[in-house]
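First comes the structure, then the notes that go with it.
The values are calculated or read from the model by the stated rules, or taken from the named source; none is laboratory data. Since the structure is predicted, the reported quantities are computational estimates derived from the model, not experimental observations. Cβ coordinates were reconstructed from backbone atoms using ideal geometry, including for glycine residues, and neighbour counts include every protein chain displayed.
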Ligand code: NAD
């Protein structure tokens, strides 16, 4: 493997991160860079290149050249599959360093990142390696003397934009299927979360990906991101991030008349019916909202509880949550690390203040902590808010759970479906018939029954309503990264 000093030539830990364009590491055209802050200390630990529109144009040109003139397009599905398998192997081999970067960049508990995120991204590449070999079209019976078949073909240059909360996993979710289908990529990760993408770029090159097939431009959303979504050389966009930014991306895609996959915000409800084992249901509810310090698009942030057990569930939450360890992400005992950036924590503080003004009862938490200079926020439960409070309706993206009682199944479903989001939803009950009946009525791309967060590379993933459109993962992902061509050949002499 190329020395990581090529990626960080200045020597200091993570200092001087570069752009990866056309198989070469280089500085941004302007020479500008952005500081990387460790959210567990608030200190700068390095820098990344701050790309502008000219860097993005170079990356798109390199990708176009790789697609039109390079060897990549001549590769068979089997060739692509082999390189994806190799990438999966390198991800596992370099798992410690990838996890270390991710943890320092966004404050993820290191042990959980090593166990969860690294496995997940390696599995994604391994799964897509099998998809690369299973791309197929079909034959059609025509009314004339002709033979017809369909082909699934790559779009060409895919512009991929990813958020800060699961930098590695969500990048893999786009890169692996886009490559499996034979596309080339220009990727812009979130400005707060680019360290793992830098190493991934090198690992993919080391795995044998031809120059220009994967290009990395780090920088600001408003500059590099905006240049990427509006660039006329992009054939397909794939975006994961907030619904607010997603609307701008959708507008840019419409302007250039290109397809886009939208993985946007969420505000999942978790319904607890009165027949549950309360101990288990509360455990599921807690893990569902504290995971990744609540910076999780599918976090179960709205707990809807049958009125007969409402106060018991609240008491149980108040008893168990203070036992969670909030602290240093490098400590294996830590359950919640810091929020990824100070501005994200400030946002959570504003919502908790608003909850108090709206008459909410803070049952536990409700406080920021600055241990070691980090951006921590205690896991927080707020009861008694009205369903139309902004705190209930909007995505907070922090470790905050609102809890509301319901009287009937119909009311629970109506409350669950009452937000503009529809990414994930869940319910807990021992009544099998009710479980299926309610799951069918929830407006969400993913429904969990008696569990939370279970996911897999083989499962289609995506939202409804303002949580987005298009699907990632599962065999369905090939719909997002290929287009269909019909080929007709005359059978007349
Ligand atoms: P964000 O929308 O602020 O940023 C996402 C990405 O878009 C970043 O790379 C950013 O630099 C870029 N960006 C910002 N402005 C841009 C512009 N004008 N043009 C082009 N790109 C621009 O989101 P975030 O704060 O990084 O991530 C959190 C959000 O992402 C939450 O809403 C969360 O629910 C959502 N999310 C969704 C999923 C999913 O799969 N549906 C997964 C993870 C996160």
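Quick one: would you say residue 231 is within 15 Å of the ligand (Cβ to nearest atom) and closer than 22 Å to residue 93 by Cβ?
No.
Would you check if residue 264 is within 19 Å of residue 58 (Cβ to Cβ), near the ligand (Cβ under 10 Å from one of its atoms) and in contact (Cβ under 8 Å) with a residue 12 or more places away in the chain? Spell out the reasoning first.
On the way: within 19 Å of residue 58 (Cβ to Cβ): no; near the ligand (Cβ under 10 Å from one of its atoms): yes; in contact (Cβ under 8 Å) with a residue 12 or more places away in the chain: yes.
So residue 264 fails the test.
Hey, residue 201 hits all of (1) touching a strand residue (DSSP E or B) at 6+ places or on another chain (Cβ under 6 Å); (2) over 25 Å from residue 85 (Cα atoms) but one; which does it fall short on?
(2)
A quick yes/no check of all residues on (1) surrounded by 15 or more Cβ atoms within 10 Å (Cβ to Cβ); (2) touching a helix residue (DSSP H, G or I) at 6+ places or on another chain (Cβ under 7 Å):
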position	(1), (2)
422	yes, yes
432	no, no
437	no, no
444	yes, no
454	no, no
457	yes, yes
463	yes, no
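Please specify each residue of region 314-348 satisfying the condition of being outside any helix (DSSP H, G or I), loosely packed, with under 15 Cβ neighbours inside 10 Å and over 23 Å from the mean Cα position of the chain (by Cα).
Keep residues of region 314-348 that are outside any helix (DSSP H, G or I), which gives 324-341.
The next check asks that each one be loosely packed, with under 15 Cβ neighbours inside 10 Å; those that pass are 325, 330-333.
Correct list: 325, 331, 332, 333.
Take the conditions touching a strand residue (DSSP E or B) at 6+ places or on another chain (Cβ under 8 Å) and buried (at least 24 other Cβ atoms within 10 Å of the Cβ) and apply them to residue 250. Does it pass? I'd like the intermediate steps shown before the answer.
Details: touching a strand residue (DSSP E or B) at 6+ places or on another chain (Cβ under 8 Å): yes; buried (at least 24 other Cβ atoms within 10 Å of the Cβ): no.
For residue 250, the condition - touching a strand residue (DSSP E or B) at 6+ places or on another chain (Cβ under 8 Å) and buried (at least 24 other Cβ atoms within 10 Å of the Cβ) - is not met.
Within region 296-337, restricting attention to residues that are touching a helix residue (DSSP H, G or I) at 6+ places or on another chain (Cβ under 7 Å) and within 16 Å of the ligand (Cβ to nearest atom), which residue is nearest to residue 112 (Cα to Cα)?
Ranking the candidates gives 299 first.
Which condition does residue 397 not pass, out of (1) at negative phi; (2) out of contact with any strand residue (DSSP E or B) (no Cβ under 7 Å at 6 or more places or on another chain), if it passes all the others?
Here residue 397 meets the rest and fails (1).
When you check residue 37 against the structure, is it crowded, with 19+ Cβ neighbours inside 10 Å and either within 15 Å of residue 102 (Cα to Cα) or at pLDDT below 95 (or both), yes or no?
Spelling it out, residue 37 is indeed crowded, with 19+ Cβ neighbours inside 10 Å and either within 15 Å of residue 102 (Cα to Cα) or at pLDDT below 95 (or both).
Return only the number of the condition from (1) away from the ligand (no atom under 16 Å from the Cβ); (2) surrounded by 16 or more Cβ atoms within 10 Å (Cβ to Cβ) that residue 361 does not satisfy.
The one condition residue 361 does not meet is (2).
For region 87-136, enumerate the residues that are touching a helix residue (DSSP H, G or I) at 6+ places or on another chain (Cβ under 8 Å), within 27 Å of residue 478 (Cα to Cα) and part of a loop (DSSP other than H, G, I, E, B).
The answer is 133, 134, 135.
So which residues in region 349-367 are in contact with a helix residue (DSSP H, G or I) (Cβ under 6 Å, 6 or more places away or on another chain) and outside any loop (DSSP other than H, G, I, E, B), if there are any at all?
Hits for region 349-367 are 351, 354, 355, 363, 364.
Can you run down the residue pairs with Cβ atoms below 6 Å, 6 or more apart or on separate chains, where the first is in region 155-169 and closer than 30 Å to residue 485 by Cβ and the partner is within 9 Å of the ligand (Cβ to nearest atom) and assigned to a loop (DSSP other than H, G, I, E, B)?
162/189
Any idea how many residues of region 86-139 are free of Cβ contacts under 8 Å to residues at least 12 places away in the same chain and over 29 Å from residue 154 (Cβ atoms)?
4
Restricting attention to region 167-196, which residues are in a loop (DSSP other than H, G, I, E, B), within 14 Å of the ligand (Cβ to nearest atom) and surrounded by 24 or more Cβ atoms within 10 Å (Cβ to Cβ)?
Those that are in a loop (DSSP other than H, G, I, E, B), within 14 Å of the ligand (Cβ to nearest atom) and surrounded by 24 or more Cβ atoms within 10 Å (Cβ to Cβ): 189, 190, 193, 194.
If a residue has to be assigned to a helix (DSSP H, G or I) and touching a helix residue (DSSP H, G or I) at 6+ places or on another chain (Cβ under 7 Å) to count, how many in region 203-215 make the cut?
3
Among the residues of region 141-166, what is the count of those that are closer than 11 Å to residue 238 by Cα and not in a strand (DSSP E or B)?
So the count comes out to 1.
Residue by residue, here is whether (1) more than 25 Å from residue 153 (Cβ to Cβ); (2) in contact with a helix residue (DSSP H, G or I) (Cβ under 9 Å, 6 or more places away or on another chain) holds:
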site	(1), (2)
182	no, yes
201	yes, no
223	yes, yes
229	no, yes
233	no, yes
237	no, yes
240	no, yes
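Report every pair of residues separated by at least 6 positions or lying on different chains whose Cβ atoms are under 9 Å apart, first residue within region 287-302 and within 13 Å of residue 351 (Cβ to Cβ), second within 8 Å of the ligand (Cβ to nearest atom) and not in a helix (DSSP H, G or I).
The qualifying pairs are 294/397; 301/266; 301/395; 301/397.
Do we have any residue at all in region 133-149 that's at pLDDT 95 or above, touching a strand residue (DSSP E or B) at 6+ places or on another chain (Cβ under 8 Å) and closer than 20 Å to residue 258 by Cβ?
no
Right, residue 251: free of Cβ contacts under 8 Å to residues at least 24 places away in the same chain, more than 8 Å from the ligand (Cβ to nearest atom) and under 25 Å from the mean Cα position of the chain (by Cα) or not?
yes
Quick one: which of 104, 80, 114 is in contact with a strand residue (DSSP E or B) (Cβ under 7 Å, 6 or more places away or on another chain) and buried (at least 18 other Cβ atoms within 10 Å of the Cβ)? Show your work before the answer.
On the way: 80 fails: in contact with a strand residue (DSSP E or B) (Cβ under 7 Å, 6 or more places away or on another chain); 114 fails: in contact with a strand residue (DSSP E or B) (Cβ under 7 Å, 6 or more places away or on another chain).
Just one listed residue meets the conditions, 104.
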